[in-house]
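Report on one structure; see the data block that follows.
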Amino acid sequence: MRYALIYFPRHFAFRLINGLLCLALFFTSDIQAQEIPYNATGTKDGYFYSFWKDSGDATMIIYENGRYELLWSNNTNNAVGGMGWNPGSMDYIVNYSGYFGISSTQNAYLSLYGWTTNPQVEYYITESYGSYNPADCTGKTELASYSSDGATYNLVRCPRSGPSLPIEPTLPDQFFAVRSPKKGYGLVEGKITVSNHFNALAEAGVELGTLNYMIMATETYNSAGQSDITVSLAPSETTENIGVRMRGEQGDELVSLSIGGTTVASWTLSTEMSDYWVSSDARGEVRVVFSNDSADRAVQVDFISIDGEIRQAEEQWQNTGAFSNYCGGGYYSEMLDCNGFIGFGLREQNSNSCLEQCQWYFSGRYPLCVNQSNYWGWENNSSCIGRNVCKNQYGFGGLVWSCPN
């Protein structure tokens, strides 16, 4: 057998190698990107995807690591596509980022979307929208307004006479929680603490069933545009639940929760004793703040649950809103009769690095005695105060926590 040697000029060989490299990159890119036909669901890299359209030119392309594109033209009647998880979870904290390529004249919205079974509930947590605010649906029922992740959400029930989900054509109503202010157009990013929204649904009397899929979806109606969105989960250990059990005397009292000097949630109270929850990873001093005292308004705080620990309001020495002859003259009380706050100590006071001490009036902090609860004492070559003595002092002062910075 004879072999023929073929000679290529150097510049030709360079072009050949360069062309082969480009071809390899082309096929690599093609493998990473996958075009999805309409009415399709599946998984990629651990993420669930769903795409549906009824007609027109709309295309979904999925990539690695929770990224998808949705492209649509004006002849598309209705299309929705997104990536996420199946099943979803109310404990998820969803991060999203990317490009929402519409304008104020285009009818589309970007939402965390999903549904439950037994009973059937279809929900949207809408972060941005174009020409149409889905909370303005015909025949809507306004259910709640609440704070989450630095914004206000308006929760409404929208009746529907026709089918929505292609797999559940008899689903009766839709629930929209719409962000205010909405995210803009172009580059977007944000965070959605799912439990805040599901708690709002439950407090509004909406019974939720078993969670099905949960996707960060782009939905469009009779418009043209493009979205390119990446979705992921925030580490669950960064957020722990905080709940306040309280009520208002009139039902329009405004109360906020402050941690470390930052307001993490705000609520309008009802007259019924209720639980108000928020998820936050903020650290520092925890305060429940009453801010719109007028006429007969007042707030009764039963307790606060901080990462599973119950702290009773009447056991807190710092209350600037209780009334005793004058506003701010009360202490160790459940009541906020005036504008002011109840201080519940440091969030991280359960840390082994934190020490419980006594604030003795205005004279400073002293260690608590270990061997006695009453009277002053002398331990470890310094003065100490018995726990009961500290708790029973009048006016300013009481048990506090001291933690290193």
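Observations on the structure shown:
- Inter-residue pairs, beta-carbon under 7 Å, first more than 13 Å from ARG245 (Cα to Cα) and in the range 271-297, second of a type in the set (Asp, Glu) and outside any strand (DSSP E or B), 6+ apart: ARG283/GLU348; PHE290/GLU253; ASN292/GLU253; ASP296/GLU249; ARG297/GLU249; ARG297/GLU253
- Residue in the range 285-294 that is among the hydroxyl-bearing types (Ser, Thr, Tyr), part of a strand (DSSP E or B) and not assigned by TED's automatic domain parsing to the domain that holds GLU127 present: no
- Candidates PRO37, PRO87, filtered to the one that is over 25 Å from ASN196 (Cα atoms), surrounded by fewer than 17 Cβ atoms within 10 Å (Cβ to Cβ) and at pLDDT below 90: PRO37
- Only one of THR152, THR43, THR126, THR76 that is in contact (Cβ under 8 Å) with a residue 24 or more places away in the chain, among the polar types (S, T, N, Q), surrounded by 16 or more Cβ atoms within 10 Å (Cβ to Cβ) and assigned to a strand (DSSP E or B): THR126
- Odd one out for TYR99, checked against (1) within 14 Å of SER232 (Cβ to Cβ); (2) surrounded by fewer than 17 Cβ atoms within 10 Å (Cβ to Cβ): (1)
- Check on THR117, touching a residue at least 24 places away in the same chain (Cβ under 8 Å), on the phi < 0 side of the Ramachandran plot and surrounded by fewer than 19 Cβ atoms within 10 Å (Cβ to Cβ): yes
- Restricting the range 79-100 to residues that are outside any loop (DSSP other than H, G, I, E, B) and hydroxyl-bearing (Ser, Thr, Tyr), the residue that is nearest to GLY42 (Cα to Cα) is TYR96.
- Any hit, the range 346-368, residues being surrounded by 15 or more Cβ atoms within 10 Å (Cβ to Cβ), of a type in the set (Ser, Thr, Tyr) and modelled with pLDDT of 85 or more: no
- Filtering SER333, SER305 for residues that are small (Gly, Ala, Ser), in the same structural domain as ASN392 (by TED's automatic domain parsing) and not in a loop (DSSP other than H, G, I, E, B) leaves a single hit, SER305.
- Answer from THR263, THR230 - the residue that is within 29 Å of GLY190 (Cβ to Cβ) and in the same structural domain as GLU203 (by TED's automatic domain parsing): THR230
- Listed here are the strands (runs of 3 or more DSSP E) enclosed by the range 180-250 that have at least 1 residues being more than 22 Å from ASN154 (Cβ to Cβ) and of a type in the set (S, T, N, Q): 210-221, 225-233, 240-248.
- Conditions (1) more than 23 Å from the chain's Cα centre (by Cα); (2) not in a strand (DSSP E or B); number of the one not met by MET60: (2)
- Here ASP281, ASP302, ASP307 are screened, and the one residue that is surrounded by fewer than 18 Cβ atoms within 10 Å (Cβ to Cβ) and in contact with a helix residue (DSSP H, G or I) (Cβ under 6 Å, 6 or more places away or on another chain) is ASP281.
- TRP277 vs. criteria under 23 Å from TYR92 (Cα atoms) and modelled with pLDDT under 90: yes
- Qualifying residues in the range 293-341 (those that are of a type in the set (Asp, Glu), under 26 Å from ASP281 (Cβ atoms) and in contact with a strand residue (DSSP E or B) (Cβ under 7 Å, 6 or more places away or on another chain)) - the one modelled with the lowest pLDDT: ASP307
- Residue count, the range 189-204 (criterion: out of contact with any Lys or Arg (no Cβ under 9 Å at 6 or more places or on another chain), in contact (Cβ under 8 Å) with a residue 12 or more places away in the chain and surrounded by fewer than 18 Cβ atoms within 10 Å (Cβ to Cβ)): 2
- Yes/no for ASN405 being of a type outside the set (Ser, Thr, Tyr), part of a loop (DSSP other than H, G, I, E, B) and modelled with pLDDT under 85: yes
The values are calculated or read from the model by the stated rules, or taken from the named source; none is laboratory data. From a predicted model like this one, the values you see are computed outputs, not experimental measurements. Ideal geometry is used to build each Cβ from the backbone, glycine not excepted, and the neighbour counts take in all protein chains shown.
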